[in-house]
1. Scan the stretch 61-77 and give yes if some residue there is over 30 Å from Lys41 (Cα atoms) and not hydrophobic (A, V, I, L, M, F, W, C), otherwise no.
2. Of all residues in the stretch 93-111, how many are of a type in the set (D, E, K, R) and surrounded by 12 or more Cβ atoms within 10 Å (Cβ to Cβ)?
3. Cβ-Cβ below 7 Å, separation at least six or inter-chain, first residue in the stretch 49-70 and under 16 Å from Arg97 (Cβ atoms), second assigned to a loop (DSSP other than H, G, I, E, B) and of a type outside the set (A, V, I, L, M, F, W, C): which pairs?
4. Scan Leu121, Leu65 and give me the residue that is surrounded by fewer than 10 Cβ atoms within 10 Å (Cβ to Cβ), within 23 Å of the chain's Cα centre (by Cα) and under 21 Å from Pro48 (Cα atoms).
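All of the numbers you see were taken from the coordinates with simple rules; none came from a lab. All values reported here derive from a predicted model rather than from experimental measurement. Don't worry about glycine lacking a Cβ; one is built from the backbone with ideal geometry, like all the others, and counts go over all protein chains shown.
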Amino acid sequence: MSENRFAKARQNKEFTHIDVNSDAKDLTGATPPNKIVTRNKSVVLLEPNTLPVSTRSRTKNGRNLTIPLFVEELNIIEKTVTILGQQSDTSINNFIRQTILDQCKKIIGKEEYQKMLSQQLNVIKTPKEKN
């Protein structure tokens, strides 16, 4: 067998196996994940959600929205949430998120809102590059 291989090499014939790395995944047809560069220049990847509802978490699989507020603005929000908390179980995070999403639904329309909401994505954090 090795005699045959060397003979092919001497004749300049292709002697590598065609099925080299046949067990590797074919990524040529796969679409690359969405890449986002955040404000602090870190890179996060977005991929379609495959997690069950019970294990998907906004803190682990989502992104943060940070908004600076004046003290009086935060006091107004906290007082509102305190009053709402007496009527139902509401946290400040849920109140802010739901208020923003309700306004978004009014602006972009119910159909577009539902369409975007149904495209669930998860954040995949990339390892930091060393300089």
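1. Checked the stretch 61-77: at least one residue is over 30 Å from Lys41 (Cα atoms) and not hydrophobic (A, V, I, L, M, F, W, C).
2. 2
3. That search, which allows pairs on different chains as well, returns Arg56/Asn49.
4. Leu65
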